[in-house]
Amino acid sequence: MTVAELAPSDPVSGDLLSVLHGRVFAQGWPASAFHALLQIPGTLALVMLDDGRPVGFVVARSVVDEAEIITIGVLPDHQRRGHGRGLMEAVSRHTVAAGVTSLFLEVSAVNVAARTLYERLGFTVVGRRKGYYERPDGPADDALVLRLRLAPSGAGAAPDDDGVGA
């Protein structure tokens, strides 16, 4: 398992992210969306490689001392093998190196596996967006907004403080 950073200027980066995203999510994003996202300053795209094959990805964007995970996913047949954790740890290291102290993400309230991973990594719930994730087969799911306070050393979470929300 290795994590590689994608070059924003490489046209293959957006194409690869689109293919992976479409294999993980029912409503995949077009390559053009990833190409545009990768051109925004502060955007980071990482892929998880297993025997040289891409099996997961994470895209994050940072501004000043905060970063947000825009999307993250692991191919279904490679889940529960530590790839998600590896991607989260890699994005945390990269963002801390860029001066980030808070890392945010959204997750479906019904996605127990992802929520468990994020909780184990030290994320805490700081907000809820009602009916955020549309579903073709039923009512929309709420999104939980999570935050991880990053220690400047990158060695874990800093103590959480009250009064800061997303």
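Please work out which residue is surrounded by the most Cβ atoms within 10 Å (Cβ to Cβ), limiting yourself to the range 133-156 and to residues that are assigned to a strand (DSSP E or B) and over 17 Å from the mean Cα position of the chain (by Cα).
Here the residue is D141.
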Revision key, fill the gap. Restricting the range 25-61 to residues that are within 17 Å of L148 (Cβ to Cβ) and in contact with an Asp or Glu (Cβ under 8 Å, 6 or more places away or on another chain), the one surrounded by the most Cβ atoms within 10 Å (Cβ to Cβ) turns out to be A60
Check your understanding: Does any residue in the range 135-158 that is farther than 16 Å from Q27 by Cα and β-branched (V, I, T) come within less than 6 Å, Cβ to Cβ, of a residue that is surrounded by 12 or more Cβ atoms within 10 Å (Cβ to Cβ) and modelled with pLDDT of 95 or more six or more places away or on a different chain, and which pairs are these?
Key -> V145/E106; V145/V126; V145/G127
Study note, to complete from the structure: Taking the range 99-114 and keeping only residues that are of a type outside the set (A, V, I, L, M), free of Cβ contacts under 8 Å to residues at least 60 places away in the same chain and either within 22 Å of G28 (Cβ to Cβ) or part of a strand (DSSP E or B) (or both), one is left with E106, S108, N111
Review point. When you look at V126, is it part of a helix (DSSP H, G or I) and either touching a Cys at 6+ places or on another chain (Cβ under 9 Å) or of a type outside the set (K, R) (or both), yes or no?
Key: no
Practice item. Tell me which of these S92 doesn't satisfy, since it passes every other one: (1) surrounded by fewer than 17 Cβ atoms within 10 Å (Cβ to Cβ); (2) under 14 Å from the mean Cα position of the chain (by Cα). Key: (1)
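When residues of the range 25-82 are filtered for being among the aromatic types (F, W, Y) and either touching a Phe, Trp or Tyr at 6+ places or on another chain (Cβ under 7 Å) or not in a loop (DSSP other than H, G, I, E, B) (or both), how many remain?
Qualifying residue count for the region: 2.
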Check your understanding: Which of the residues spanning the range 1-24 are surrounded by 14 or more Cβ atoms within 10 Å (Cβ to Cβ), out of contact with any Asp or Glu (no Cβ under 7 Å at 6 or more places or on another chain) and assigned to a loop (DSSP other than H, G, I, E, B)?
Key -> L6, P8
**Study point:** Unmet criterion (only one of (1) exposed (fewer than 15 other Cβ atoms within 10 Å of the Cβ); (2) in contact (Cβ under 8 Å) with a residue 12 or more places away in the chain) for E66
**Key:** (1)
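The values are calculated or read from the model by the stated rules, or taken from the named source; none is laboratory data. Keep in mind that what you see is a predicted model, and the values were worked out from it rather than measured. Counting neighbours? That spans all protein chains shown, and the Cβs are built from the backbone with ideal geometry, glycine included.
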